[in-house]
Amino acid sequence: MKQYDLIIIGTGSAMNIVDPMIQENPNIRIAVIDKDEPGGICLTRGCIPSKILLYPAELVRTIEKARDLGVDARIASINFHMVMERMRTLINNDIDQIREGLSSSKNIDYYHAPAEFVSPYTMRVDGAEITSKMIFLCIGSKINIPPIKGLDKVKYHTSDTVLKLTKL
């Protein structure tokens, strides 16, 4: 059974403590576990992709308002596919950089797999049991579908599904 100084489940905000801990103790052994892509909800399906999508929308709004200033600007078309692909490319590049950083650190064993507790201070991940006296559960959040009458009868989007759209 592998022994760690720290086990962290989640690769979002929990990563803010990893570098300071390594700086303080260059020999620290950390297990980082995430069943999803690294980067957490903010990067993979939250604030960052939504901000990337807001920028082209803000440009459209600016061009539309330019007419009020005497500038005759027109939007010939909006390539929705290109807007979405740009967002996905930027996000995937960041995910790849985080994965590379986690995988190449001499202090970190990165597990891209689900984990479960098998006893106090002991977890099973990727077929192995690991243990630590410190385990941080930084598992983010999940979508909450509100109990709105009739919602189940209509097509709706969540933050997960809207980022996967390929057409409007």
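Phi-derived couplings, Karplus 6.51 cos²θ - 1.76 cosθ + 1.60 at θ = phi - 60°, listed residue by residue for region 125-137: 9, 6, x, 10, 9, 10, 9, 6, 7, 10, 10, 9, 9 Hz, with x used for Gly and Pro. Residues whose amide H comes within less than 5 Å of that of Leu6, counting only those at least five positions distant or on another chain, are Arg29, Ala31 (H built at 1.01 Å from N in the peptide plane). One decimal place: the segment Lys51-Ile22 gains 7.3 nm when fully extended, by the rule 0.36 nm per residue minus the C-alpha distance. A value for Rg/Rh (Cα atoms, Kirkwood Rh) was derived from the coordinates, and within the list [x] 0.96; [y] 1.01; [z] 1.12 it appears as [z]. Here is how the number arises for the chain: DSSP H runs of 4 or more residues each give -39500 (n - 2.57), the sum is divided by the residue count, and the result at 222 nm is -11500 deg cm²/dmol. Among Glu37, Glu58, Glu100, the largest mean-square fluctuation in a Gaussian network model of the chain (Cα springs under 10 Å) belongs to Glu58. Computed from Cα atoms, the angle from the helix 47-66 axis to the main principal axis of the chain rounds to 20 degrees. For Val118, nonlocal amide neighbours, meaning residues 5 or more places apart or on other chains whose placed amide H falls under 5 Å from its own, are Met123, Arg124. For a paramagnetic label modelled on Asp126 (point 7 Å from Cα along Cα→Cβ), amide N atoms under 15 Å away belong, within region 87-111, to 99-111. Once the C-beta distance of Glu64 and Ser159 is scaled by a Förster radius of 35 Å, the resulting FRET efficiency is 0.85 to the nearest 0.05.
In order along region 15-31, the Karplus-derived 3J(HN,Hα) couplings, from 6.51 cos²θ - 1.76 cosθ + 1.60 at θ = phi - 60°, round to 5, 5, 9, 5, 4, x, 5, 5, 4, 6, 9, x, 9, 4, 10, 10, 9 Hz, and Gly and Pro are given as x. Highest mean first, the peptides 133-139, 29-35 sorted by other C-beta atoms within 10 Å per residue fall in the order 29-35, 133-139. For region 4-12, backbone phi angles converted through the Karplus equation (6.51, -1.76, 1.60; θ = phi - 60°) give residue-by-residue couplings of 10, 6, 8, 10, 10, 9, x, 10, x Hz, Gly and Pro being listed as x.
A short reminder: the numbers here are calculations on the coordinates, not readings from a lab. Bear in mind the structure is a predicted one, so any value in this text is a computation, not a measurement. Because the Cβ atoms are built from the backbone with ideal geometry, glycine has one as well, and the counts that use them run over all protein chains shown.
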